[in-house]
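Presented below is the structure to which this report refers.
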Amino acid sequence: MRYEAVIGLEVHAQLLTESKVFCGCSTQFGAEPNTQVCPVCLGMPGVLPALNRRAVEFALRMARATNCRINHKSVFARKNYFYPDLPKGFQISQYDRPLAENGHIEIDIDGGARHIGITRIHMEEDAGKLLHGETREDEGYSFVDLNRTGVPLIEIVSEPDIRSAEEASAYLKGLRDILVYLEICDGNMEQGSFRCDANVSVRPEGETRLGTKAELKNMNSFKFIRDGLEYEIGRQIALLEEGGSVAQETRLFDPSRGITVSMRSKEEAHDYRYFPEPDLLPLQVEESWIEEIDGKLPELPRAKRERFVREYAIPAYDAGVLTASKALADLYEDSVRLHPNPKTVSNWVMGELLRLLKSDNRDVKDIAITPETLAELLNMVDSGKINTKTAKEVFEGMYVSGKAPGSIVEEKGLIQISDEDALSKTIEEILQANQESVEQYMAGKEKLFGFFVGQVMKATKGKANPRMVNMLLKERLSQ
């Protein structure tokens with residue numbers, strides 16, 4: 001029997017507000033444990049939460065960017081459960097009346113587009129973080145850091161429209177790209193500001209009823225998500241083929257062994273005893289605010305990729321790389337306006353720039369290279385002032401120092417030799433010094449032409465204009 005997977009994803013995205021969702025504590029990552037807390041986010045008796053308007057704005061941006069319908073009235077609820085990193089004993093979230101519903105995004109998979117539905121987007125606060133370890137005496141310990149308690153989140157719940165680990169990865173990357181483009185989440189999976197749980201079931205192909213699902217947690221990279229889903233799909237199929245049944249439970253992915261392991265039986269909504277948060281009024285979103293949000297949405301990654309292919313006639317692969325971040329896409333597009341050769345600019349950004357960024361783990365937003373300096377460099381190559389090899393050396397200098405290419409060329413004396421008389425003299429000296437090779441070339445060994453070009457470049461320390469060298473050599477050797 002052939003089976004198909006049915007996957008729904010629950011994505012939590014931390015919003016890039018400076019303060020928490022119901023109090024004024026900082027959300028900065030990496031502070032000393034338990035230093036960014038107050039009576040409100042610790043849930044002390046007698047305190048009252050106050051909703052962060054900026055967090056609502058960010059949530060609305062994501063809802064509109066994913067084609068969701070905004071509920072003009074939504075309600076916060078208390079989600080009750082006990083865990084050591086939840087000091088109040090409940091989490092303020094949204095349940096039956098969320099902020100937004102019925103959205104979708106398009107993903108590219110197997111050369112085509114897939115429509116993935118979004119059930120809902122709701123707002124909630126984050127919990128703290130437990131740190132587990134062992135002492136030298138092999139005694140276990142757990143520490144709690146409550147700095148993250150009360151940090152604003154949105155939870156994005158997909159429809160069960162995903163059918164493979166590959167589709168799940170593409171969907172998550174699509175969501176992450178949108179969040180980063182909107183500048184409402186940094187998308188950092190390692191720090192936990194973008195994380196995912198998956199509900200996975202399998203069923204015979206052609207069946208319409210859903211199978212019993214397992215929830216997967218602890219998948220904090222795209223690789224772990226693919227590996228965890230592929231293992232779990234295979235595990236469930238094997239169980240059914242052996243005549244067994246799938247238990248509804250929560251499972252953890254163990255990346256060291258590449259398997260999922262049982263954590264606890266799966267909770268249902270009634271287990272959390274949801275009820276409306278008595279300290280917060282219903283959230284009212286006016287139509288005028290929605291219209292204001294719509295008017296400020298940037299061009300989103302998928303639309304930008306399609307436009308780059310259409311307007312700049314570059315391959316879809318190039319467009320995908322160049323639009324991986326908004327800052328990179330802006331650098332490329334602004335450079336093309338100043339140096340209107342889209343493929344040349346693409347080659348330099350994808351080749352030299354991304355190589356250097358990867359080598360020292362930097363972001364394009366943190367470098368001093370600008371569209372103006374990149375265009376100046378490429379114009380110098382086109383005009384023959386420097387050759388491509390020298391340009392790569394100059395580019396590294398620009399990357400490290402932030403100086404303009406003209407300054408670097410002048411300081412290092414890298415101006416290309418294009419003087420015909422000077423190059424003819426050098427060529428003549430090379431040919432005179434290699435008479436035997438000249439005779440072999442004249443006898444038909446044409447591969448030696450590259451040897452002569454190399455000798456000229458070596459004699460001029462790479463400064464000779466390659467096009468002119470080739471032209472003058474051909475003229476001289478044809479005499």
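Quick one: which helices (runs of 4 or more DSSP H) lie wholly within segment 426-479 and hold at least 2 residues that are aromatic (F, W, Y)?
448-459
Can you tell me which residues in segment 395-425 are among the β-branched types (V, I, T) and outside any helix (DSSP H, G or I)?
I415, I417
Hey, could you check segment 189-222 for residues that are in contact (Cβ under 8 Å) with a residue 60 or more places away in the chain, in a strand (DSSP E or B) and of a type in the set (A, V, I, L, M) and say which is farthest from A170 (Cα to Cα)?
Among them, the one singled out is V202.
Would you point out the residue of segment 247-299, among those that are small (G, A, S), at negative phi and part of a loop (DSSP other than H, G, I, E, B), that is surrounded by the fewest Cβ atoms within 10 Å (Cβ to Cβ)?
In this case the residue turns out to be S256.
Considering only residues that are aromatic (F, W, Y) and assigned to a loop (DSSP other than H, G, I, E, B), look in segment 19-75 and name the one that is surrounded by the fewest Cβ atoms within 10 Å (Cβ to Cβ).
Filtering first and then ranking leaves F29.
Condition check ((1) over 25 Å from L172 (Cα atoms); (2) at pLDDT 95 or above; (3) touching a His at 6+ places or on another chain (Cβ under 9 Å)) across all residues:
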position: V285; (1), (2), (3): yes, yes, yes
position: D294; (1), (2), (3): no, yes, no
position: L300; (1), (2), (3): no, yes, no
position: D318; (1), (2), (3): no, yes, no
position: V336; (1), (2), (3): yes, yes, no
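Quick check, is Y231 within 23 Å of A303 (Cβ to Cβ), hydroxyl-bearing (S, T, Y) and at pLDDT 95 or above?
In short, no.
Conditions tested, residue by residue: (1) under 19 Å from L283 (Cβ atoms); (2) touching a His at 6+ places or on another chain (Cβ under 7 Å); (3) aromatic (F, W, Y).
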position: F29; (1), (2), (3): no, no, yes
position: G46; (1), (2), (3): no, no, no
position: A55; (1), (2), (3): yes, no, no
position: A63; (1), (2), (3): yes, no, no
position: I70; (1), (2), (3): yes, no, no
position: Y81; (1), (2), (3): no, no, yes
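Looking at segment 370-387 only, could you name the residues that are of a type outside the set (A, V, I, L, M, F, W, C) and in a helix (DSSP H, G or I)?
P371, E372, T373, E376, N379, D382
Among the residues of segment 107-138 satisfying the criterion of being outside any loop (DSSP other than H, G, I, E, B) and β-branched (V, I, T), which is modelled with the lowest pLDDT?
The qualifying residue modelled with the lowest pLDDT is I109.
Evaluate segment 20-32: report whether one residue or more is among the aromatic types (F, W, Y), over 24 Å from L172 (Cβ atoms), in the same structural domain as Q94 (by TED's automatic domain parsing) and touching a residue at least 40 places away in the same chain (Cβ under 8 Å).
yes
Pairs needed: first member in segment 93-106, modelled with pLDDT of 95 or more; second member anywhere, charged (D, E, K, R) and assigned to a strand (DSSP E or B); C-beta distance under 6 Å; at least 6 residues apart or different chains.
S93/K79; S93/E124; P98/R120; E101/R69; E101/R120; N102/R69
Mind checking which residues of segment 352-369 are part of a loop (DSSP other than H, G, I, E, B) and either within 19 Å of K389 (Cα to Cα) or modelled with pLDDT of 95 or more (or both)?
I369
With the requirement that a residue be within 18 Å of R61 (Cβ to Cβ) and either among the polar types (S, T, N, Q) or touching a helix residue (DSSP H, G or I) at 6+ places or on another chain (Cβ under 9 Å) (or both), what does segment 102-117 give you?
Scanning segment 102-117 gives N102, G103, I105.
Output the residues belonging to segment 390-415 that are small (G, A, S) and either at negative phi or in contact with a His (Cβ under 8 Å, 6 or more places away or on another chain) (or both).
Across segment 390-415, the qualifying residues are A391, G397, S401, A404, G406, S407.
The values are calculated or read from the model by the stated rules, or taken from the named source; none is laboratory data. Please read all numbers here as calculations on a predicted model, not as lab measurements. Don't worry about glycine lacking a Cβ; one is built from the backbone with ideal geometry, like all the others, and counts go over all protein chains shown.
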